[in-house]
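What follows is a single structure, written as structure tokens, with notes after it.
The values are calculated or read from the model by the stated rules, or taken from the named source; none is laboratory data. On a predicted model such as this, the values are computed, not experimentally measured, just so you know. As a convention, Cβ positions derive from the backbone with ideal geometry for all residues, glycine included, and neighbour counts pool all protein chains shown. The area values use the complete protein model at the heavy-atom level, side chains included, leaving out ligands, DNA and RNA. Shrake-Rupley method; radii C 1.70, N 1.55, O 1.52, S 1.80 Å.
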Amino acid sequence: MKKRSVVIAGHATSLTLEEPFWQALKEIALAEGTTVSALVEAIDARRTEAGETNLSSAVRVWVFRRVKEDRS
């Protein structure tokens, strides 16, 4: 598990994920021409709207779904 800081809405927040998830986030951000922080901010916004409480879990699910879609 790696704990890193990301900026969401101008504020730094800690996020703990396994290294493969950090790597996938970096690869997706690069492919989309954006930053990891921007991706996490978008995931956070959707998570808040959906009433989910755990950001790390929301990121893992998002990455899993994204990778699964890319393989389809």
Inset, instruction - Within region 27-69, track down each residue that is under 18 Å from Val6 (Cα atoms), not in a helix (DSSP H, G or I) and not hydroxyl-bearing (Ser, Thr, Tyr). - result: Gly33, Asn54
Legend entry - Matching residues in region 21-72 - criterion: being β-branched (Val, Ile, Thr) and under 11 Å from the mean Cα position of the chain (by Cα): Ile28, Thr35, Val36, Val40, Ile43, Val59, Val61, Val63
Inset, instruction - Test Ala24 against the criterion of being open to solvent by less than 70 Å² (accessible area, probe 1.4 Å), without any contact (Cβ under 8 Å) to a residue 60 or more places away in the chain and either in a loop (DSSP other than H, G, I, E, B) or among the small types (Gly, Ala, Ser) (or both), and give yes or no. - result: yes
Inset, instruction - Answer with yes or no whether Ala45 is among the aliphatic types (A, V, I, L, M), out of contact with any Leu (no Cβ under 7 Å at 6 or more places or on another chain) and open to solvent by 70 Å² or more (accessible area, probe 1.4 Å). - result: no
Inset, instruction - Report, by residue number, each residue of region 49-64 that is without any contact (Cβ under 8 Å) to a residue 24 or more places away in the chain and either open to solvent by 20 Å² or more (accessible area, probe 1.4 Å) or charged (D, E, K, R) (or both). - result: Glu49, Ala50, Gly51, Glu52, Thr53, Asn54, Ser57, Val61, Trp62, Phe64
